[in-house]
Amino acid sequence: MSDMDIAESRRPQDGRVSERYMHDQQEQGLDLRVSVLPCMSGKKREPGEKAVVRLLRQKNSFSTIEELGFVDRTRKIYEGWLREPQGMIIFTGPTGSGKTSTLYTSLQAIATESVNIVTVEDPVEYVLPGITQTQVHEPAGMTFAAGLRAILRQDPDIIMVGEIRDHETAETAVRAALTGHLVLTTLHTNDAIGAIPRLKDIGPDPGLISDAVLGIVAQRLVRKVCSHCAEPYQPTQADCDLLGLNLAETEAHSWQRGKGCSYCFNSGYLGREAVIELLNIDDTMRSIIYDGTVIDLRHYLRKIQFDSFLVAAIEKVQSGVTTVEEVRRVLPHSALCWKRDKI
């Protein structure tokens, strides 16, 4: 089904299956990304294969930015970036953290007949109306860098680069952001702050980066408390310590936890939502990016109380969206070290 070579079991293979299924009495498309890896299996250590199938809807699950998981404060800042005529917006996070959904929903929100939006992706996850989408094909010479150079000759207003992987792509994307284009792209880093040294490491002159970047969005997906079996939960001192909260001053009346039911397969969770860290680049940060260090940047961010993972997680826990256990499972340890009273 994935067009793999079934006679070959000595090397990794990747494939893709497109299927249709019924959901809420409607037929929807589903992509199955199949990855097969040779391994040793059984007590006799005989050669075998391990298969992982990733399920992806062919249609974006979100229709508006409000559904993504931004809190009101960060959503207004983010929507302000999308209205800018030029600059770069960077999305960061591990595989499966929802970056693509955020990117596509953002493009849908700003796509109008008067705006020319062109993307280069690997692969094209969802087909979006009114947007020109191109796919990377490295054996044919269609790399991210080659695709981006070609896009710049298509008179684009907004460019989406699926991922910045090398110096050439980084430099072309940054220069495009400085010459009248709004550029949206992704990097693989643990948090928003980590995107700065990563881009400086593979990118052009720091002066160009500091001028080009509008802001950075880092995100993780947390499971939401099941709405069918949610019940009030009284936080413990350990819960408050993890989030850097004072138990006596904590708004405990809205904390929730799912007890488990048939809707959520007795897990207590149903659905997922993004926890978003947002780095809004101001003039001081531009100076630090140009001639400062990551330590200087961290000190400044503690001073201005930026919208970190921890701040976003606290808001979601205190509003009953998710639980402390889920925050501990998903967020990196470094994010939980940004205690609220020290930010």
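Give the distance, in whole Å, between the Cα centre of the range 276-317 and the Cα centre of the range 149-207.
With the range 276-317 and the range 149-207 each reduced to a Cα centre, they are spaced 20 Å.
The range 232-304: which GluC sites (Glu not before Pro) are DSSP loop and have at most 12 other beta-carbon atoms within 10 angstrom?
When the GluC sites (Glu not before Pro) of the range 232-304 are filtered for loop state and at most 12 Cβ neighbours within 10 Å, E251 remain.
Got a sec to turn the phi values of the range 39-46 into Karplus ³J(HN,Hα) couplings, 6.51 cos²θ - 1.76 cosθ + 1.60 with θ = phi - 60°, whole Hz, x for Gly and Pro?
Using θ = phi - 60°, the values come out as 7, 9, 9, x, 5, 7, 6, 7 Hz.
Using Cβ-Cβ distances only, list the Cys residues of the chain with no partner cysteine under 4.7 Å, sorted by number.
Here C39, C240, C337 come out as lacking a disulfide-compatible partner, given the Cβ-Cβ threshold of under 4.7 Å.
Which residues make up the longest stretch of the chain that has no chymotrypsin sites (Phe, Trp or Tyr not before Pro) in a DSSP loop with at most 14 other Cβ atoms within 10 Å?
Between the exposed loop sites, the longest stretch runs 1-262.
Might you report the magnitude of the Cβ-based charge dipole of the chain about its Cα centre, with Lys and Arg at +1 and Asp and Glu at -1, to the nearest 20 debye?
Here the chain has a charge dipole of around 1000 debye.
Roughly what % of Cα-Cα distances in the range 203-333 sit above 27 Å, to the whole percent?
Tail of the P(r) past 27 Å holds 34 percent of the pairs.
Just to compare against my own numbers: the Cα pair-distance distribution for the chain, 10 Å bins, whole % per bin, please.
5, 21, 29, 25, 15, 4, 0
Based only on Cα atoms, what Rg/Rh ratio does the range 1-78 have, Rh being taken as Kirkwood's radius?
1.21
When the convex hull of the C-alpha atoms of the range 1-135 is computed, what volume per residue in Å³ does it have?
176 Å³
On the protein heavy atoms, probe 1.4 angstrom, tell me the percent of accessible surface of the range 1-159 carried by carbon and sulfur.
49 percent
Check which residues have an amide H placed less than 5 Å from N116's amide H, if you skip close sequence neighbours.
D157, I158
Grab every C-alpha pair in the range 183-278, bin the distances at 5 angstrom width from 0 up to the longest one, and report whole percents.
Final binned percentages: 3, 11, 13, 14, 14, 11, 10, 10, 8, 5, 1, 0.
Can you pull out the trypsin sites (Lys or Arg not before Pro) in the range 61-114 that DSSP calls coil and that have at most 12 other Cβ atoms within 10 Å?
Counting only loop positions with at most 12 other Cβ atoms within 10 Å, the trypsin sites (Lys or Arg not before Pro) in the range 61-114 are R83.
Compare the Cα positions of L107, N60, A313 along the charge dipole of the chain (+1 at Cβ of Lys, Arg; -1 at Cβ of Asp, Glu; about the Cα centre) and return the one farthest towards the positive end.
It is A313.
The values are calculated or read from the model by the stated rules, or taken from the named source; none is laboratory data. These numbers were taken from a predicted model, which means no experiment stands behind them. Neighbour counts run over all protein chains shown; Cβ positions are idealised from the backbone, glycine included. Please note that ligands, DNA and RNA were not included when accessible areas were found on the heavy atoms of the full protein model with its side chains. Shrake-Rupley method; radii C 1.70, N 1.55, O 1.52, S 1.80 Å.
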